[in-house]
Amino acid sequence: MIELKKQSLSEMFSIYFDKRMLKILLLGAISGFPWVLIGSSLSLWLKEDGLSRSTIGWAGLIFGVYAFNYLWAPLVDRIQIPLLTKKIGHRRGWIVLMQILILISLFLWSIINPTENLTLVILVGLIIAIASATQDITVDALRIEQIGVNEGKSMAAGAAMAVVGWWSGYKLGGVLSLFSAEYLQNLGFENYWQLTFLILGVLIILMNIGLMFVDETVSAEKQSVHREADKLISSKFKKENIFTKLLSWIGGTISGPIISFFKKNGYSIAIGILGFIFLFKVGEAFLGRMSIIFYKEIGFSKTDIAIYSKTLGWVTTVIFTLLGGLFVIRSGVLKAMFLAGIIMATTNLLFSVLAWSDKSEILFAIAVVFDDMAAAFATVAFVAFISLLVDRAYTATQYALLASIGTAGRTTLASSSGALVDWLNGDWGTFFVITALMVIPSLIILWIMKDKLKLSEK
């Protein structure tokens, strides 16, 4: 493990005032906001239309596309969008295109009744998930490319700002969603959720206006590496024609990032990294998937959830993400990962206490605050960890590969969260104890390979 030079708190905190951090903040918000749509908003919409916990839980399978976005990440890394790429840049062009798809999807949701057209609702949600997962590929690449290769401390700070941005998009988007839905419901609108989705569309438009102020640069070195990978594969063919050139391009696009990752880390460590990333935040995902259903079942209103889980949770998230970033800068990303895992497990137990107690706003607030604190700390350490692993020649693809593997654990496995609660006969306390234990395997893997990881933390 690399020993880092100690700095004063003020010296470390000053790194957040770099103008690049504000741009990274916006990119994080753009990435986090769609999770409001297919997460808490969709879950509560289906719940209030009378659908079961299991149905809502299995509907969360649409999040599974995040686990597989690495499959098309190489294409996003290299294919240019007609008109948009020339006018606003490669990365921003992809983001804007995906945002347009999300806007269209929100309009479709605004005219659908889920009790009559559940399949169509889920299908549109799947489109939002695909568009969001695709934009995440280029958002993460654009975020990493704002920071120089040898700026390890700035990368940790950038990771913190990205997490703050993500949670800001998710939490504040959730506040707008819940308050709008409750307000429209109180006014007597039966289709209050459908109208809410139209309101949320306005926020997407505003984010895209801000996106135009995020710089984007073209790396000649990156393009050179891509060409060399293509040539290496092309040299295996006896003749060169349009068909072999296409095969070479496809082969270089897909295999280049994977070969680079395994070559840098070695086979056994690379597999260990993938296993750790897959398992690390599974417990948090199980809790997160069912949390809003849990709040509703124990008697809290949409306003209560908006105030405690979204507004108060957002403030907590911002504070502890920034502090978590400073901890990563001072102590190193590996120590931060171990501490984050322990904190996540501990805070999940607070929800068991809440479940086994009578309805209490104080306990609710405490559980939410500490859970958001743990999630913020864990996420900034996790993002910094992955960001330090990627090869800049394949920024989008490698980050997408690693992030999607983490998402696979959080989405595919967590889709059974509702079924697990039902199997436990609604015993929420036991459910949260189980989620607390889920982090242990990942920490064991990290401990085994901690001295062999190649991280640049300068």
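If you take every residue apart from Gly165 with its C-beta less than 10 Å away from the C-beta of Gly165, what net charge results, scoring Lys and Arg +1 and Asp and Glu -1? Before the final figure, lay out each step's value.
Details: positive: Lys23, Arg143; negative: none.
Residues near Gly165 contribute +2 overall.
Just to confirm a number: summing +1 for Lys and Arg and -1 for Asp and Glu over residues other than Ser31 whose beta-carbon lies under 12 angstrom from that of Ser31, what do you get?
Net charge in that neighbourhood comes out at -1.
Label the stretch 66-222 by shape, choosing from rounded, prolate and oblate, from the square roots a ≥ b ≥ c of the eigenvalues of the Cα gyration tensor; if a/c is under 1.5 it is rounded, and otherwise prolate applies when a/b is larger than b/c, oblate when it is not.
Values: a/c = 2.34, a/b = 1.76, b/c = 1.33.
Because a/c hits 1.5 or more and a/b exceeds b/c, the stretch 66-222 counts as prolate.
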Just how many % of Cα pairs in the stretch 276-324 lie over 12 Å apart, if you round to the nearest whole percent?
70 percent
Over 19 Å (Cα to Cα) among Lys264/Lys450; Lys302/Lys359; Lys281/Lys359; Lys281/Lys302; Lys335/Lys452; Lys153/Lys452 -> Lys281/Lys359; Lys281/Lys302; Lys153/Lys452
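Restricting things to Cα coordinates, could you compute the convex hull volume per residue of the stretch 1-154 in Å³?
Details: hull volume 26.9 nm³, N = 154.
Given the Cα convex hull of the stretch 1-154, per-residue volume reads 175 Å³.
In debye, nearest 20: dipole of the stretch 336-458 around its Cα centre with unit charges on the Cβ of K, R (+) and D, E (-)? Mind showing how you got there, number by number?
Details: 7 positive and 9 negative charges, 120 e Å.
About 580 debye.
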When the chain is fully extended, how far beyond the present Cα-Cα distance does Asp304 get from Ile79, taking 0.36 nm per residue of separation?
76.5 nm
For the chain, the dipole about the Cα centre with charges only on Cβ (Lys and Arg +1, Asp and Glu -1), to the nearest 20 debye, works out at 1740 debye
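Two decimals, Cα atoms only, Kirkwood Rh: what is Rg/Rh over the stretch 335-399?
Taking Rg over the Kirkwood Rh, I get 1.21.
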Work through the residues other than Ser387 whose Cβ is under 10 Å from its Cβ and net out their charges, Lys, Arg +1 and Asp, Glu -1.
0
Just going by the charge dipole of the chain, with Lys and Arg at +1 and Asp and Glu at -1 on Cβ, which of Trp314, Gly275, Pro74 is farthest out on the positive end?
Pro74
Summing -39500 (n - 2.57) over every DSSP H run of at least 4 in the chain, dividing by its residue total and rounding to the nearest 500, the 222 nm mean residue ellipticity is -24000 deg cm²/dmol
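How big is the Kirkwood radius of the chain, worked out from every pair of different alpha carbons and given in Å to one decimal? Numbers along the way, then the final one.
Values: mean 1/r = 0.0442 Å⁻¹.
Taking every pair of different Cα atoms in the chain, averaging 1/r and inverting gives 22.6 Å.
Apply the membrane-span-like helix rule to the chain: whole DSSP H runs, Cα extent along the own long axis of at least 20 Å, mean Kyte-Doolittle hydropathy at least 1.0. List the helices found. Mind dumping the intermediate values first?
Values: long enough: 19-36 (27 Å, 1.03); 90-109 (29 Å, 1.36); 118-144 (38 Å, 1.76); 152-186 (50 Å, 0.48); 192-211 (29 Å, 1.95); 220-234 (21 Å, -1.00); 242-265 (35 Å, 0.66); 282-297 (23 Å, 0.50); 313-331 (26 Å, 1.53); 333-355 (33 Å, 1.87); 361-389 (42 Å, 2.07).
Counting only whole DSSP H runs, the qualifying helices are 19-36, 90-109, 118-144, 192-211, 313-331, 333-355, 361-389.
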Residue farthest toward the positive end of the dipole of the chain, with Cβ of Lys/Arg at +1 and Asp/Glu at -1: which of Tyr295, Trp428, Phe107?
Phe107
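Every number in this text was worked out from the coordinates using simple rules, so none of it is lab data. Since the model is a prediction, treat every value here as computed from it, not as a measurement. All Cβ positions, even for glycine, are placed from backbone atoms using ideal geometry, and neighbour counts span all protein chains on display.
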